[in-house]
Amino acid sequence: MGSLRSVRVTVDSGSCHGHQMCAIAAPEVFGSDDLGYATVLIDGDVPADLEKKVRRSEANCPERAIRIVD
Amino acid sequence: MGEQQRPVADLTTDYDIMDPGFVRDPFPAFDEIRESACPIAHTERWGGSWMPTRYEDIVAIAQEHETFTSRGILVMPPVPGAAEGAYGAVAAPPITSDPPDHHWHRRLILPVFSPQSVAKYEQGTRDLCNSLIDEFIGKGTADAAGDYAQHIPVRVIATMLGVPLEMETEFTSWVRGVLEQGMTDPELRQASRMNIIRFFVEQLEDRKRNPRENDLITDLLNAKVEGAVVDDIYVLGVCNLMLVAGVDTTWSAIGSTLWHMAQHPEHRRMLRERPELWPQAVEELLRVYAPVTMARIVDHDVEHQGCPMKAGDRVLMSFPAANRDPRQFERPDEVDFEREHNRHVAFGAGIHRCAGSNLARLELRVALQTWLERIPEFELVDPSSVTWAGGQVRGPRRCMVRFPTVATPA
Ligand code: HEM
Ligand code: SF4
């Protein structure tokens, strides 16, 4: 896999049901709106050192609502 | 009831969710059904139901709410006549609601359960846990389920609803009447339901006469949807649900995880040495010890994975079975706090995802942390004497542990 790269991440609000497992895995990247649905806290590229955590968020979302674009 | 006595002929065509062996440990049965030619089992017992055992099938049923409706969500058939009479129409929104009403039924309560909102209950929960431990720490032995876990969620919910904490014992027995003993005893189930409703009818009357500041029931009574104040029957239903959904479930999760910790010193040590693992450890424990099974009613005849499901059929969503499917989780029966892939569904999936999940997680984490700080070393007194409840909600009901009386500081 080699060195860390920066990635972009989005949440599909149609399939997010607010499990908050993304924010548990990567609190620097995901937050919650007033109703508990996921928000992305970072504008633009996710810093390379957070990539691992973001991948973990994706792998923990039961609704498969997280998209990572390399 | 005679149904329980007849031995199970074949798990895929005759499972019995109230069988004592299944209640104690359902996982061998789930595994057998899951790997058989018929991973969606069927039974005629207890009113008849289907029981998928694979993660993918269970999640699909939770997500396909148009085919699999929430007209009946208990694993047992409804009590005859319960929908008639004075309070017959009181349901448990949003858990018993289908779209389109489900949307506002859920939306109105979500703000009180966001991670930001539930954070304010952390300190109170910690104080409560400490005061429970004070009662037994000098004795060197305690019932982790009955002396500890059982008292935590009910008091947190009572605080949230602004109802008297002194009624804890009544609340617990009403909820167990609905979700545990009442499963095989329809009269008790109905009587318990009526006790809950009558109690909240009085609470609503009280809030109308004496509205309170920062009070959930007062706020719900004043809530408006499309310009109109919501009906009392909605508020009654929400209160009913918060008590029923918030107590047995979380208590069971706290009890099961303490039962686990009593047998796994290496996991206790890991959390002591690496406290940053706490959030994901809580998720892993929820995966392995998911307490809740919910049901759906089939809307129209469908063939689902080769099973001919008819309109009106009951389908069980065993989230405990989903969370142990080896197709989804490597080494599914192993507790691994460092698991990278954990799309567990202890809180369900789709539009009914547990609204209280952020509160439940907080309670579970604080209850375990406080116990492990005060009682770092403990073990089961006798593994065979632990008793379990099962069916709708799974967890230990009596779980004696022993520990050194002078607890060594962490
Ligand atoms: C570990 C503890 C808990 C577990 C495992 C759990 C599990 C679940 C599950 C599986 C559902 C989905 C029901 C369905 O699909 O039909 C659900 C719904 C719900 N739970 Fe929980 N629950 C827990 C604690 C709580 C707590 C503390 C509350 C707070 C009062 C709560 C309130 C709710 C509500 C309001 C719903 C209905 C959401 C909807 O239908 O939109 N739960 N819960
Ligand atoms: S884990 Fe998935 S469903 Fe849950 S809040 Fe995050 S994006 Fe939404």
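The values are calculated or read from the model by the stated rules, or taken from the named source; none is laboratory data. This structure is a prediction, so every number in the text was calculated from the model and none was measured. All Cβ positions, even for glycine, are placed from backbone atoms using ideal geometry, and neighbour counts span all protein chains on display. Accessible surface is based on the protein model in full, side chains and every heavy atom, while ligands, DNA and RNA are left aside. Shrake-Rupley method; radii C 1.70, N 1.55, O 1.52, S 1.80 Å.
Tabulated results
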{"quantity": "Potential lengthening between B:Val406 and B:Gln369 on full extension [0.36 nm per residue; Cα-Cα distance subtracted]", "calculated": "11.5 nm"}
{"quantity": "In the stretch B:263-350, the trypsin sites (Lys or Arg not before Pro) that fall in loop regions by DSSP, at most 11 other Cβ within 10 Å", "calculated": "B:Lys310, B:Arg327"}
{"quantity": "Interface residues in the stretch A:10-27 - accessible area drops by 10 Å² or more relative to the isolated chain, probe 1.4 Å", "calculated": "A:His17, A:Gly18, A:His19, A:Gln20, A:Met21, A:Ile24"}
{"quantity": "Heavy-atom surface of the protein assembly as shown, accessible at 1.4 Å and reported per residue (Å²)", "calculated": "42 Å²"}
{"quantity": "Per-residue ³J(HN,Hα) for the stretch B:152-167, Karplus 6.51 cos²θ - 1.76 cosθ + 1.60, θ = phi - 60°, Hz, x for Gly and Pro", "calculated": "7, x, 5, 6, 5, 5, 4, 5, 4, 7, x, 10, x, 5, 5, 8"}
{"quantity": "Per-selection metrics, the protein assembly as shown (Cα): Rg and Dmax in Å", "calculated": "22.1, 68"}
{"quantity": "FRET efficiency for B:Arg6 and B:Ser385, using Cβ-Cβ distance with R0 set to 35 Å, rounded to 0.05", "calculated": "0.80"}
{"quantity": "Separation of the B:Glu276 and B:Arg331 label points, Cα + 7 Å toward Cβ, nm", "calculated": "2.2 nm"}
{"quantity": "Chymotrypsin sites (Phe, Trp or Tyr not before Pro) restricted to DSSP loop in the stretch B:126-191 with at most 15 other C-beta within 10 Å", "calculated": "none"}
{"quantity": "Rounded percent of accessible protein surface that carbon and sulfur make up, the protein assembly as shown, 1.4 Å probe", "calculated": "52 percent"}
{"quantity": "Proximal lysines to B:Lys208, defined as alpha-carbon separation beneath 29 angstrom and excluding residues fewer than eight positions away on the same chain", "calculated": "B:Lys120, B:Lys224"}
{"quantity": "At R0 = 22 Å, FRET efficiency that the Cβ-Cβ distance of B:Ala89 and B:Gln116 yields, to 0.05", "calculated": "0.05"}
{"quantity": "A:Asp43 paired with A:Asp12, simple spin-label distance in nm, labels 7 Å along Cα-to-beta-carbon", "calculated": "2.7 nm"}
{"quantity": "Net lengthening on full extension, B:Asp232/B:Glu166 (0.36 nm per residue, minus Cα-Cα)", "calculated": "21.2 nm"}
{"quantity": "Stretchable slack from B:Ala37 to B:Val225, in nm (0.36 nm times residue separation minus alpha-carbon distance)", "calculated": "62.8 nm"}
{"quantity": "Pair B:His264, B:Ala311: separation of 7 Å Cα→Cβ label points (nm)", "calculated": "4.7 nm"}
{"quantity": "Cβ neighbours within 10 Å from other chains - mean over B:279-286", "calculated": "2"}
{"quantity": "In sequence order, calculated HN-Hα J values of the stretch B:292-300 (Karplus, 6.51, -1.76, 1.60; Hz; x Gly/Pro)", "calculated": "10, 10, 10, 10, 9, 10, 5, 6, 9"}
{"quantity": "Karplus-derived 3J(HN,Hα), 6.51/-1.76/1.60, for each residue of the stretch B:110-115, Hz, glycine and proline x", "calculated": "4, x, 6, 10, 5, x"}
{"quantity": "Shielding by partners, peptide B:356-367 (average Cβ within 10 angstrom, other chains)", "calculated": "1"}
{"quantity": "Candidates per trypsin sites (Lys or Arg not before Pro) in the stretch B:125-229, loop by DSSP, up to 12 other Cβ within 10 Å", "calculated": "B:Lys139, B:Arg212"}
{"quantity": "Accessible surface of B:Glu44 - all protein chains present, 1.4 Å probe, nearest 10 Å²", "calculated": "140 Å²"}
{"quantity": "Other-chain or far-sequence residues with amide H under 5 Å of B:Glu180's (modelled H)", "calculated": "none"}
